[in-house]
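Quick note: the coordinates plus some simple rules give every number you see, no bench work behind them. Since this is a predicted model, take the numbers as computed values, not measurements. Reconstructed Cβ throughout: ideal geometry from the backbone, glycine too, with neighbour counts over all protein chains shown.
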Amino acid sequence: MSMAENVPDPNPELLTAKLLQVEEIAVDEEEFHHLNNPAESIKPIVKKYLGTPNHSEQSGNKIFFSDGDAKVEILVVTNEIIRVRLAPHSVFLEEFSYAVPQLPQRHVEFTLLENDKEYIVATPVINCHIRKQDFFISFSDKNDTITSSDAVPMHWEENTQFGGYYVFCTKTCQEQESFFGLGDKATEFNLRGKRLKNWNTDAYSFSFNQDPLYRSIPFYISLNDNVAHGIFFDNTFKAYFDFAAEDRNRTSFWADGGELQYYYIHGPHMMDVVKNYHLLTGTHPMPPLWALGYHQCRWSYYPENKVRVIANGFRQNRIPCDGIYLDIDYMDGYRCFTWSPKYFPNPKKMIADLAENGFKTVVIIDPGIRVDDNYWVFKEGKEKKYFCRRCDDYFMEGHVWPGRCQFPDFTNPEVRAWWGDLFDGLVETGVAGVWNDMNEPAVFGSGSFPDDVRHQYDGYRGSHRKAHNVYGMQMVRATYEGLRKQLKNKRPFTITRAGYAGVQRYSSVWTGDNVATWEHLKLGNIQLQRLSVSGISFCGTDIGGFSGEPDGELFTRWIQMGTFSPFMRAHSAGDTKEREPWSFGEPFTSINRRFIELRYRLIPYLYSTFWEHHRYGFPILRPVVMQEQDVLMNHFRQDEFTYGDKILVCPVLHPGQQTRNVYLPKGKWYNFWTLDMVEGAQEITVPTPLDIMPLFVKAGSVIPEYPVMQYTGETEIEEVKLNIYYSDYEVKSFLFEDYGETFAYEQDIYLEKKFVVKGDERKLTIKQTMEGLYTPRYEGYHFKVNGLPFVPSRIVADGKEVPTISSNADKTYEFKFTKNFKQIEIYK
Ligand code: GLC
């Protein structure tokens, strides 16, 4: 069997078309004998493979290998990251990537070795092998374990529709290799056996296994035999991934055009891979603290009075809420940056009143600008020629909510700057955040823009084939950068539906138009874990389901899961029934309240976890396989995840479920509700009545807690509660504090606190160290110690006896001490 037969073809119809084409040529040749018959010189389309590398040359961190015609560039990015590029005719594209704005600037010591069989580019951590016989590229670690290896040489094939090449890379797949990542794919967490496509798509009411959806994140993690590596295929064209679906021994990725360019990112731990992926593509900036609260949305709350009624409903029901959303009906005829004079005659006053009551107003802004010469945004965009054009040079038009629209070319930096400035009016009116929707881009009828639409692409030019997948990301980038400018030193809040790798630098995301079913609750749980390991930690689902009607039970289970979604927002379509946390009556209202309150209590923990993400590249949600990648069974677990690294969450995903099995990774865990201590590395069965979602806290944790407020900052924090969970081994915890809404953290104005907890049968010690320039206003901590195996006789804090210790019926102990303590000992 030839190699070509084994390589997945991009599209079976294409293959048939190609065969037909070859046959037709043969007929033509027999029937017509024109001297200059152009058909004579047309060769059948076949895949072309790299030949043998016959020489190498080096320039800085780049090493080039050539087979005489095609060239391959190996770039040593860091000790753990190597980039591979292919130029079929030796001409590489200019370096430009929306995903990787700047390569990490690090000095790397590497060597180029050569023997009879191969060239080896060796860093202190990994080796990249280039086999002389056939140009196979493989990677190994310092234990000589081959982690990734070509199954056929890199190859390409003419794409006649495009006038360029399809580009392909096919790697061998190991017997027990698993795959994770790729963003928001609506399928099982482990991607082995799946073939998936990246092409941003408006997927209203998507179903399980529907593909593609709203985002394109061409990054996956492979895990085999306890060694993980990542592949980031930085190509914005329509792209495909085949994880041992067509051939169980092979994994391929390919695209309809662009350059074959991928980063090999070494682990060996999945966490290392994700951190290094963030090193390339960036992390989320710190959100304003309020954005970590609860958000209420609906298509649409209008008129103004309805918004006020909803806001008051939260305060009357004593259910905390920070964000309130205005969907498309707030606008005048769906014209972006306008207000409906009928429904919102005085938006500034309304927003001010809402703000007075603790609500931050977030408004939707779509990319389609209504064609209307009496509308200033359209007029300006038209005059400045800022809208996208077709290849025949006229402005491209399509229908969306406002009717006939033209669309800004967000890949043009000048257009982005213009767009950013358009937000001055909204900011002046008091808007605190912006929701970018329909930016796949979605167009009614056709789905999206025609392929031939041209884009400026930051000066590198491209058709929509190349710009489609980055359009939404560049839109929300323009929004974020504009808001950042308008809000001076305050952190903007943005949310987007579409995105490409790196979108996290500008926005949070939600998973789009889901459905009010139990299956979607399960899917949302998987999607959020997947987004989290794919670089997008600040993510959430439409709680309750966008379309369809949840009953009280489903809504409550969704609120429970949403309490542990990094972004927590309820949203629903306009043709559904009321969907506020009190809409279903008792017992649902009380349970929803209790969980939303828990969200607020845990805000300092989530905020600290966010900092760990922003500063160090840790994902916020961590699937079980990331905790224990050496356990094969965990490759298939997708229900449980940890929120940060201390709280294990296990959503209840079935109606009427009274108990469920929970897997606890190794170590000791406390049941959050009962405080019972449980040994990990086992599955246990726990009760799941409606008011309980299984939660476990790692022994040794210090979980910081704020008092419940109706919105962040409602009152000054007077003390922070520290929940200490006894452990007989040493555990570190972490608390991050800063102003919460400015960019002062970029000037190092923040405080990082580390707690170390260690106990034995006679004593529990808690140590604190602090680093940073920020001073919180509160004075003291309120300690609550859980799981002590003894009754404390005395507590010594920084050498002083703590006078008052209160003990509770559940054998927990509470006391207070200054926030600046260094060491506390609790004695038997
Ligand atoms: C899209 C969005 C949805 C929004 C609706 C109206 O369907 O995904 O969230 O409510 O448009 O703007």
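Listed values for the range 728-741 are Karplus-derived 3J(HN,Hα) couplings in whole Hz (6.51 cos²θ - 1.76 cosθ + 1.60, θ = phi - 60°), namely 9, 10, 7, 9, 9, 10, 8, 9, 10, 9, 7, 5, x, 9, and x replaces Gly and Pro.
Expressed in Å, the radius of gyration and Dmax of the Cα atoms of the range 618-710 are 13.4, 44. Backbone geometry of the range 262-273 corresponds, through the Karplus equation with coefficients 6.51, -1.76 and 1.60 at θ = phi - 60°, to 3J(HN,Hα) couplings of 9, 9, 8, 10, 7, x, x, 8, 3, 4, 5, 5 Hz, x marking Gly and Pro. Less than 5 angstrom separates the built amide H of Gly545 from those of His571, all sequence-distant by 5 or more or on a different chain.
Sorting the segments 755-764, 593-602, 402-411 by their residues' average number of neighbouring beta-carbon atoms within 10 angstrom, most packed first, yields 402-411, 593-602, 755-764.
Quick one: if the Förster radius is 56 Å, what FRET efficiency do Arg390 and Lys800 give, using the C-beta to C-beta distance and rounding to 0.05? Provide the component values of the computation, followed by the final result.
Working: r = 76 Å, r/R0 = 1.36.
Computed FRET efficiency for Arg390 and Lys800: 0.15.
Estimated from the Cβ-Cβ distance and a Förster radius of 56 angstrom, the FRET efficiency linking Ala681 and Phe162 is about 0.60.
Between the amide H of Asn159 and those of Gly164, Tyr165, Tyr166, distances stay under 5 Å, these residues lying 5 or more places away or on another chain, with hydrogens modeled in the peptide plane.
Count charges around Tyr670 for me, please; just the other residues with Cβ under 11 Å from its Cβ, Lys/Arg as +1, Asp/Glu as -1.
Values: positive: Lys646, Lys668, Lys698; negative: Asp676.
That sum, taken over residues with Cβ under 11 Å, equals +2.
Using only Cα coordinates, the Kirkwood hydrodynamic radius of the chain works out to 28.5 Å. Among bridges DSSP assigns within the chain, what percent are antiparallel (round to 5)? Counting only bridges with both partners in the chain, antiparallel ones make up about 80 percent.
Protection proxy ranking, highest mean first, for peptides 463-476, 221-234, 727-740: 463-476, 221-234, 727-740, where packing is the per-residue count of other beta-carbon atoms within 10 Å, averaged. The 3J(HN,Hα) values that the Karplus relation (6.51, -1.76, 1.60; θ = phi - 60°) gives for the range 458-469 are, in residue order, 6, x, 9, 6, x, 8, 5, 3, 8, 8, 3, 5 Hz. Gly and Pro appear as x.
In deg cm²/dmol and to the nearest 500, what is the mean residue ellipticity at 222 nm of the chain if only DSSP H runs of at least 4 residues count, each as -39500 (n - 2.57), divided by the residue total?
Dividing the helical sum by the residues of the chain leaves -6000 deg cm²/dmol.
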